[in-house]
Amino acid sequence: MAEQYVVIEYNQASGQPRIVNDDVYDSFGDAMQDAQHQLEETRKVGRRERYAVASLDIEWDSSEE
């Protein structure tokens, strides 16, 4: 399976992480571009959220053999 990525936002006040827009990216570059866009948009309105790109490591677990 190909690598997949998500953009994580860390809330300014609580520091709690969340996945931005529940989007999953097939390209690291696309995820980085969206993270940069999110950062620029929050700075425009005076917010200080932080953003990171994380790769997904999916493990399939099935009871069927």
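Taking Glu49 as meeting all but one of (1) in contact (Cβ under 8 Å) with a residue 12 or more places away in the chain; (2) more than 30 Å from Trp60 (Cα to Cα); (3) open to solvent by 60 Å² or more (accessible area, probe 1.4 Å), write down the number of the exception.
So the condition that Glu49 fails would be (3).
When you go through Gln12, Gln36 one by one, which is the residue that is surrounded by 12 or more Cβ atoms within 10 Å (Cβ to Cβ), polar (S, T, N, Q) and out of contact with any Lys or Arg (no Cβ under 9 Å at 6 or more places or on another chain)?
Testing whether each residue is surrounded by 12 or more Cβ atoms within 10 Å (Cβ to Cβ), polar (S, T, N, Q) and out of contact with any Lys or Arg (no Cβ under 9 Å at 6 or more places or on another chain) leaves just Gln36.
Give me the residue from the stretch 17-32 that is of a type outside the set (Gly, Ala, Ser) and under 18 Å from Ala2 (Cβ atoms) and, out of that set, surrounded by the most Cβ atoms within 10 Å (Cβ to Cβ).
My answer is Tyr25.
Just for strands (runs of 3 or more DSSP E) wholly inside the chain: which have at least 3 residues that are out of contact with any Phe, Trp or Tyr (no Cβ under 6 Å at 6 or more places or on another chain) and not basic (Lys, Arg)?
It comes to 5-10, 50-55.
Which of the residues spanning the stretch 24-65 are over 12 Å from the mean Cα position of the chain (by Cα) and within 11 Å of Ile8 (Cβ to Cβ)?
If the condition is that a residue be over 12 Å from the mean Cα position of the chain (by Cα) and within 11 Å of Ile8 (Cβ to Cβ), then Glu49 is the only one that fits.
The values are calculated or read from the model by the stated rules, or taken from the named source; none is laboratory data. Remember, it's a predicted structure, so these values are computed and weren't measured experimentally. Positions of Cβ are backbone-derived with ideal geometry, glycine not excepted, and every protein chain shown enters the neighbour counts. Each accessible area value is taken on the protein alone, full model and side chains, heavy atoms only, with ligands, DNA and RNA left out. Shrake-Rupley method; radii C 1.70, N 1.55, O 1.52, S 1.80 Å.
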